[in-house]
Amino acid sequence: MYFLSGWPRRLLCPLRSSERPFLIEPSAQRFYLAVLSETQISIWFSRPSVLIVSYIESGKAAAQFGFYQLVEWKPNDSMIAVTAANGYVLLFDIIGGSDEKCLYEPVYPKGARVKVTPAYKEEQCAPALTLEMKKPIDLEAPISCLQTLQEDLLVATADGYLHMLHWDSVSNGRRAVNLCTIPFSLDLQSSRGGPCLDLNGVHIREMEYCATLDGFAVVFNDGRLGFITPTANRLATDQLQGVWAADVSDGTCVAVNNKYRLMAFGCASGSVLVYMIDSSTGSMQLSHKLELTPKHYPDIWNKTGAVKMVRWSPDCSVVMVTWDCGGLSLWSVFGAHLISIRFCHSDGTKKEPLKISSMSWGVEGYHLWVICSTDGAEGDEKLQQTGILQFQFIKSSNQEQVLLHGEDRLYLTCGDPTQAHSVSDKSPSRDSGSPVHRPSASTPLSQGLSTLLGHKHWQVVQIHSTYLETNWPIRCSSLCRSAVLVMLLYNKYEQNMTVTGGLTWWDDFVVVACYNFIDRQEELRLYVRTSNLDNVFASVTKLQADTLLLNVFRNVVILFRADCSICLYSIERRHDSPNPSVSVELLQEVSMSRYIPHPGLVVSVTLTSVRTETGITLKAPQQACSAESILLNLAGQLIMLQRDRSGPQVREKDTPANQTKLLPFCPPVVLAQCVENVWTTCRSNRKKRHLMEALWLSCGEAGMKVWLPLFPRDHRKPHSFLSRRIMLPFHINIYPLTVLFEDALILGASNETAVFDGTGSSSLEALFPFCTVERTSQIYLHHILRQLLVRNLGEQALMLAQSCATLPYFPHVLELMVHVVLEEEATSREPIPDPLLPTVAKFVTEFPLFLQTIVHCARKTEYALWNYLFAAVGNPKDLFEECLMAQDLDTAASYLIILQNMEVPAVSRQHATLLFNTALEQGKWDLCRHMIRFLKAIGSGESETPPSTPTTQEQSSTGGFEFFRNRSISLSQSADSIAGGKFNLQKALSVPSGPSSKGDSAENLYIDMMLWRHARHLLEQVRLRDLGCFSAQLGFELIGWLCRERTRVARIDDFVAALKCLHKDFLWPFPVIPACSISSPLKNGRCRPVLSSRLLKSQSADSLLNSDMDTTPPQVTTANHSWLDSLGAVSKELDSASSHGGPQTHEAFLSPLINKGLCKPVCVSVSHSLSFCLMLFL
């Protein structure tokens, strides 16, 4: 795929001229470009982008011939044809200079080592050319368009004739065909021809020849569209027939795509109609449209004017469109929009935008040559000297990772998707003859994802200029599995070979299909990565025909050749050689000449284990790892050839290895149309078989498609009426570049633009935005789950979701699925007979994150859609209670916000009270503070009555969910079914139900009552530590409250039990009395301290505090310190009394004293916190 990069470059013509160029046309190989003005034709070189020669017509000749209008190249770049306004065709010979003469030569610094090759002049120097006019040809009518063929030149004139001229006009005459004599119909079948097209007074405005369709796509001057094809090799009246497109009368221009057999017609309405020729009837069928929407151009999407020009890229994968009102737009071959640029002046004044008069792609599509016209910009000399603009592009490779390459650099992503999965989930490695590098089992899942998705920066690899001087530009690139090595394919490699079929990796070897110039032989070479790219270290296999495409599947190389045949070769590592080497053997050859009309139509060839019968993976797992099918992308039509297993099968262990015979292939079947890219993997993962054994397709504007396998649950016998696979379409927001199978992610790249603030400036930075390429990714799992639910395949959806439940973004997948379905159904203007939301809601209940998913979706959705949502998922009050039963207080707080907007304030206060009490009991202090603010805010709007909460609607469609397990807490259960577990809100707390008459004071008193109740509860259970944390975190006035509760809840009835609870609460050990001191505990009526080595080892004050901190949450630890610092004078006295012990050891002694019949503790030498706790009992 193509992405615009940076600012365009400006190429100024060194020759001074008052004429502005208006047309640019590249040669067949795009190394030369012809630039046309009114009386001047110039030839430019592509690299370096310099002017080579310019031919200026004399005044006398210009008056005779007229101004120049059109230009066309001969296929071998030896001649050029120019049409003039007075009906003349001017033929020019392009004469090259001597071998020793060059126009531009590179200059190197002194002492630099430069490798001089035999083709040094041709590769690094701009040639010196001259233009010589031949005898002009007068057609006696204005010329509307011309098109080159191999040896002929087809010219259309305004009088309705087609003239066939020979490039050698001196020795050959010309032939003419009247358009009125050509029969036109809706298709090429006479019985279904329909009405004929009347062409009286009509001529061809523009035409282009399509080699793979063997015909001309034409646009007539009245706006009608047609296709003319010869019935024989000669262009004669009785050998031409045409078809026309119905209901179209505003055509303006045309461009053909030879690789995909498409014809793109620009229209005056601003849209581009892309047609194809039906293979059975020969009629023109509309494939898709290219038209802007408010998403592309929010301000002027319907004000672009007529389509000015359409240009396909050299590899036919993208198309560039421009309009009369200016602007550029890039689309993929089947209509996926990539980027739109509206460039104009940025000085704040209302001026006409820069309009494009002509454009053309450069070598390999890395540049777009553009000539701008400046109508309406009179008097601005700087704008009129803009010259030729050169836009720069970078392209992508179909790899397992995102890999982009420009003409001289690479853009890599830092990470390897294969490192994100452990070996335990993978299938056993290959045999010892062909080992594969596996990641270590300790690699976590998140590590690979973080390297792939953690940032948007690229790792840019600049190619050394030494390589680019002789091999510019980069044609393609390949990334090895370990993501540390990149193999580049240049335009040429050395001087003895050229790559014809591409390159790829197999383990540590680079696989290359090339042509050997020395031996004049097509070869398959494998270079080991640990050695130089030298033929000495290469394994060479001679091939019988030219190779166009190659690919690797495990230990098999698949080649597609120019004779429309497919060859399979096995690769095996050899161990009998000191240097790493491999042996290559031919396994099978398949002829496809019956199904492929032209070898250039094949876009990709892939060998895969995917087949229609997935049941073989259960009966014979070893067959699932073999090469079962061949996938061919034939001009966007994906066809599959499967191995024929209809005959008797022989087990592999019963057949010798050297006598194994591969099964033949069945006739091809069509899987999908309009396919741009195909992804499959040779890896396997038993836990994610749905994703790993699926086939992923990119289909342009139609989005993506996945050919998903369907497996029986728990290895049961599948139903005979169910298909083994299903094709599921879904749309995404990015253009896919690769698929991460195990991670359920799609990686891509997108263009972003930034406008330079150059007020009053006419520089390129002010006229054009700066384009950057950013990495993007998107989750697709929710699309697949939804499509399965629509087709009542809930069991398959559950199996797929459970296999991906461990992904870190799986909760987001469920939330997206609910949100998308809710938005579509709730905002639909027409009633939905079978809504999907109840089915999706029931599906989400199968996962523990059901409550969080629903509330997160509701919080991110408009309030107007809440009624529809909770009518399907259940009453929010029931969901709130379910959160409390599951001890998920944070989620319950989110549901409380929902209830606040959907219920009256009294109901919100009841639920908030229950949540507040639960949070107090569990010590959720942050939540408690939020609940206090929430309760204080309730009261003023009690009289308002929002819409009532909808009840759970009956599910009209089960959607294949009969298999679902019964949840432990189900929304469909009644209040009586939860025995003793359902909260009774009316009995939870006595809450005033009417409007508050005291305002804020009543609310504060209500909150204080709940705080007092909780404090009494803590003190009754002798939970002094929790009481202190409660007071410090919520600002509770503990000292005054204790004084009020001295004779009530603070009264101690069981001193022993209270003391035990105190020790347990603070984790303080009990004292141990020595045996020698038991006989005389008292001496002289006073308590004698007991010191013995048999004391239980007690902790010091610091260690005790540390143990307390380790057993409490961080927020509680902080609260203990603030609580201790706020003690009164009584605590200070106890603190001084407890300081008589040693610095490291505390002496605990207990002395019963009789004081007015009451037993009180006298002294306990403990830490600061324990001293205050014992004070409460005095």
message: Give me the one-decimal nm value for the distance between modelled label points at residue 533 and residue 324, 7 Å along each residue's Cα-to-Cβ direction.
response: 5.0 nm
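For every other residue with a beta carbon closer than 12 angstrom to the beta carbon of residue 1012, add +1 if it is Lys or Arg and -1 if Asp or Glu, then tell me the sum.
On the way: positive: 1013, 1016, 1044, 1048; negative: 1008, 1037, 1045.
Counting the neighbours of residue 1012, the net charge comes to +1.
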- prompt: Roughly how big is segment 12-90's charge dipole about its Cα centre, with Cβ charges of +1 (Lys, Arg) and -1 (Asp, Glu), in debye to the nearest 20?
  reply: 160 debye
- request: Assign unit charges at the C-beta atoms only (+1 for Lys and Arg, -1 for Asp and Glu), then state the dipole size of segment 780-836 relative to its Cα centre in Debye, rounded to the nearest 20.
  value: 160 debye
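For segment 22-104, which trypsin sites (Lys or Arg not before Pro) are both in a DSSP coil and crowded by at most 14 other Cβ atoms within 10 Å? Can you show the working numbers first?
Working: sites: 30, 60, 101; in loops: 30, 101.
Of the trypsin sites (Lys or Arg not before Pro), the ones in loops of segment 22-104 whose Cβ has at most 14 other Cβ atoms within 10 Å are 101.
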message: Modelling each spin label as a point 7 Å along the Cα-to-Cβ direction, I'd like the residue 929/residue 67 distance in nm, to one decimal.
response: 7.7 nm
Net charge, residue 597 excluded, C-beta distance under 12 Å - Lys, Arg +1, Asp, Glu -1: +1
- prompt: Label residue 180 and residue 303 with points 7 Å out from Cα along Cα→Cβ: what is the distance between them in nm?
  reply: 4.5 nm
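Give me the number: length gained by fully extending residue 281 to residue 1060, i.e. 0.36 nm times residue separation minus the C-alpha to C-alpha distance, one decimal in nm. Write down the numbers at each step before the final one.
On the way: separation 779, 0.36 × 779 = 280.44 nm, distance 9.64 nm.
Gain on stretching residue 281 to residue 1060: 270.8 nm.
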- request: Would you work out the charge dipole size for segment 204-274 about its Cα centre, treating the Cβ of every Lys and Arg as +1 and the Cβ of every Asp and Glu as -1, and quote it to the nearest 20 debye?
  value: 200 debye
task: Mind giving me the FRET efficiency for residue 200 and residue 168? R0 is 30 Å, r the Cβ-Cβ distance, nearest 0.05 is fine.
output: 0.30
field: FRET efficiency, residue 827 to residue 731 (Cβ-Cβ, R0 22 Å, nearest 0.05)
entry: 0.80
query: Assuming R0 = 51 Å, what is the FRET efficiency of residue 132 and residue 594, from their Cβ-Cβ distance, to the nearest 0.05?
result: 0.55
message: Quick check: net charge around residue 584, other residues with Cβ under 13 Å of its Cβ, Lys/Arg +1 and Asp/Glu -1?
response: +1
message: Suppose the chain between residue 546 and residue 646 were pulled fully straight at 0.36 nm per residue; how much longer would it get relative to their current alpha carbon spacing?
response: 32.7 nm
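Read-outs: derived from the displayed coordinates by stated rules, not from any lab. Just so you know, these numbers come straight off a predicted model, no measurement behind them. Quick reminder, even Gly has a Cβ in these numbers, built from the backbone with ideal geometry, and neighbours come from all protein chains shown.
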